[in-house]
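Taking it in order: structure first as structure tokens, then the write-up.
The values are calculated or read from the model by the stated rules, or taken from the named source; none is laboratory data. Predicted model only: the values in this text are computed from it and were never measured. Positions of Cβ are backbone-derived with ideal geometry, glycine not excepted, and every protein chain shown enters the neighbour counts.
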Amino acid sequence: MTLNETDKAILDAIETGANTASGILAALERNGISISQPTLSRRLSALQADRYVLVEGKGRNTRYKADNYNQYFSIPPERRKAVSYDRSILENYVPNQTRWLDPEVSQQLLAAGGGVRADASTYSRAIVQKLLVDLSYASSSLEGNTYSYLDTQVLIEYGQAAEGKAADETQMILDHKEAITYLVDNIGDIELDVREIRNVHSLLSRGLIDPAARGTVRRRIVGLGDSAYMPLAIPQILEDQLTLIVQKQALIDDPFERSLFLMVMISYLQYFEDVNKRTGRVICNVPLLKAGLAPLSFMNVDKTKYTKGLLAFYELGRHDLTAEAYAEGYAASASRYDAYVGRDREEAELEFKRRAEIYEAVKQYVLKSIEQGARLDAQEFLSAQFEKDEGKTRQTLMRRTGDIVESLNEGNHVAYGIGRKTFDTYDKLGAARKSTP
């Protein structure tokens, strides 16, 4: 945001003691600046959004004061005063009294995600394939991974690494897949404790750090290159703090507040040598999935706001930016899972268990159609593909596979193991005809 002369005058008025709207208007008037109350309200809202002004209270009790956020972060990290881990943040957090997310925001997020599903395990399995790609891609992207969304989908579905990518980028995505799959497979039984956090870290860091450091407390000093924050360095205190994080999160009733708390505190503590933020991003989905809520995939989380939000928490103890990035990202991405939720539960479970066979049947349909020189009758072909199944199971597999066949296009064929040249050949075939014996 570029400050204009009126904005600067408003900030000057606040810094010199004007903390109400009427006081600010009077100060501006004394300096020869005349604006209306609505104009002032708009400017104050804009200044608040860009972290130049802090707002306290509501209605007639609203008070304004200067926000030092922009001034603070205009100083390069190497010139900012070193900031240590602040144990009081965690110690003073009282579950269900302290709030990093406004209750009204939590209600909005609940509505955005379509509400609570009665069966968390079934819901998690219904959305797992989409969550695997979404979260693996988005979380890795936040780490600077250059895999595209489609590359990520192909890697997760078929194990095919993208050309020209570094081995650690491929490994990072595969590690996300393993960690997310583990959580979804066990979501009904998982009780979030220190051991589970260590397990998830171990899965997320496989092949990326020293095996001895996977899932274990950090025993060396670490620093963050883009921050003046210096994490704790004593293993026993790290152990104690992670235990307290786990104890407090278990008492939080609101799954969104609990999720945000875990995401931020795991990142802040830096319990592990590396892969802390990734662990926080995956673990924060546990409260949501256990409650039968849409997950936070990070697909729509503003990268700049998320990164700056964590820095503000690390160095200033402020949670507002991170909470804003969390809420905006969740509201924008939760609806991505609506189509998956609407399906029959048994069908969702079946697709989850048999997805490899379904995708292979799609691929074989395309190859056989090319071999015959025309598109085969899909239902006749699929009836033969799933002849060993009976009744509703067979019908469901045929219907779901048929839907995918109908939806094949130049933008999604790779996800089913169908190469570009193969699809282009198939796409030029004539109308479907009955298969030949």
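In the set (1) surrounded by 14 or more Cβ atoms within 10 Å (Cβ to Cβ); (2) among the small types (Gly, Ala, Ser); (3) at pLDDT below 90, the condition left unmet by SER139 is number (3). Pairs meeting the criteria (first residue in region 245-263 and assigned by TED's automatic domain parsing to the domain that holds LEU142 and under 19 Å from SER297 (Cβ atoms), second residue of a type in the set (Lys, Arg) and not in a loop (DSSP other than H, G, I, E, B), beta carbons under 6 Å, at least 6 apart or on different chains) are lacking. Being outside the structural domain of ALA161 (by TED's automatic domain parsing), surrounded by 13 or more Cβ atoms within 10 Å (Cβ to Cβ) and out of contact with any strand residue (DSSP E or B) (no Cβ under 8 Å at 6 or more places or on another chain) is a property that holds for ALA361. Examine region 13-23 for a residue that is modelled with pLDDT of 90 or more and under 29 Å from THR307 (Cα atoms), and state whether such a residue exists. Checked against the condition, which is being modelled with pLDDT of 90 or more and under 29 Å from THR307 (Cα atoms), region 13-23 yields at least one hit. Does ALA179 count as out of contact with any His (no Cβ under 7 Å at 6 or more places or on another chain) and over 29 Å from LYS290 (Cβ atoms)? Spelling it out, it is not the case that ALA179 is out of contact with any His (no Cβ under 7 Å at 6 or more places or on another chain) and over 29 Å from LYS290 (Cβ atoms).
Tally up the residues in region 152-168 that are buried (at least 21 other Cβ atoms within 10 Å of the Cβ) and more than 17 Å from the chain's Cα centre (by Cα), please.
So the first thing to find is which residues in region 152-168 are buried (at least 21 other Cβ atoms within 10 Å of the Cβ), and the list is 152-153, 155-156.
Restricting the remaining residues to those that are more than 17 Å from the chain's Cα centre (by Cα) gives 155-156.
Residues that pass the stated criteria total 2.
Scanning region 379-400 for residues that are within 38 Å of the chain's Cα centre (by Cα) and outside any helix (DSSP H, G or I), we see that the one that is surrounded by the fewest Cβ atoms within 10 Å (Cβ to Cβ) is ASP389. Taking the conditions (1) in contact with a strand residue (DSSP E or B) (Cβ under 9 Å, 6 or more places away or on another chain); (2) more than 23 Å from PRO231 (Cα to Cα); (3) touching a residue at least 24 places away in the same chain (Cβ under 8 Å) in turn, ARG51 satisfies each one other than (1).
Anything in region 348-372 that is acidic (Asp, Glu) and free of Cβ contacts under 8 Å to residues at least 24 places away in the same chain? List them, or say none.
The initial filter retains those residues of region 348-372 that are acidic (Asp, Glu), namely 349, 351, 357, 360, 371.
Within region 348-372, GLU371 is the sole residue that qualifies.
Number of residues in region 266-305 that are modelled with pLDDT under 95, of a type in the set (Ser, Thr, Tyr) and buried (at least 23 other Cβ atoms within 10 Å of the Cβ): the value is 1. The residue of region 200-218 that is nearest to ARG281 (Cα to Cα), among those that are touching a residue at least 40 places away in the same chain (Cβ under 8 Å), surrounded by fewer than 19 Cβ atoms within 10 Å (Cβ to Cβ) and not β-branched (Val, Ile, Thr), is LEU208.
In this entry, GLU104 is excluded by the filter for residues that are at pLDDT below 90 and at negative phi.
The residue that is nearest to ALA66 (Cα to Cα), among those in region 20-43 that are surrounded by 16 or more Cβ atoms within 10 Å (Cβ to Cβ) and under 37 Å from the mean Cα position of the chain (by Cα), is ARG43.
Please verify whether ILE237 is over 23 Å from the mean Cα position of the chain (by Cα), of a type in the set (A, V, I, L, M) and in the same structural domain as LEU321 (by TED's automatic domain parsing), treating the condition exactly as stated. Yes, satisfied.
Residue check: is ALA111 modelled with pLDDT under 95, outside the structural domain of GLY419 (by TED's automatic domain parsing), among the aliphatic types (A, V, I, L, M) and over 17 Å from the mean Cα position of the chain (by Cα)? Write out each step before concluding.
Values: modelled with pLDDT under 95: yes; outside the structural domain of GLY419 (by TED's automatic domain parsing): yes; among the aliphatic types (A, V, I, L, M): yes; over 17 Å from the mean Cα position of the chain (by Cα): yes.
Judged against the criteria, ALA111 is a match.
Residues in region 55-105 that are among the β-branched types (Val, Ile, Thr) and over 28 Å from ASN19 (Cα atoms) were compared, and the one that is surrounded by the most Cβ atoms within 10 Å (Cβ to Cβ) is VAL83. The residue that is farthest from THR307 (Cα to Cα), among those in region 191-242 that are out of contact with any Leu (no Cβ under 7 Å at 6 or more places or on another chain) and basic (Lys, Arg), is ARG195.
Any residue at all in region 387-402 that is touching a residue at least 12 places away in the same chain (Cβ under 8 Å), outside the structural domain of VAL133 (by TED's automatic domain parsing) and in contact with a Lys or Arg (Cβ under 6 Å, 6 or more places away or on another chain)? The answer is no; no qualifying residue exists.
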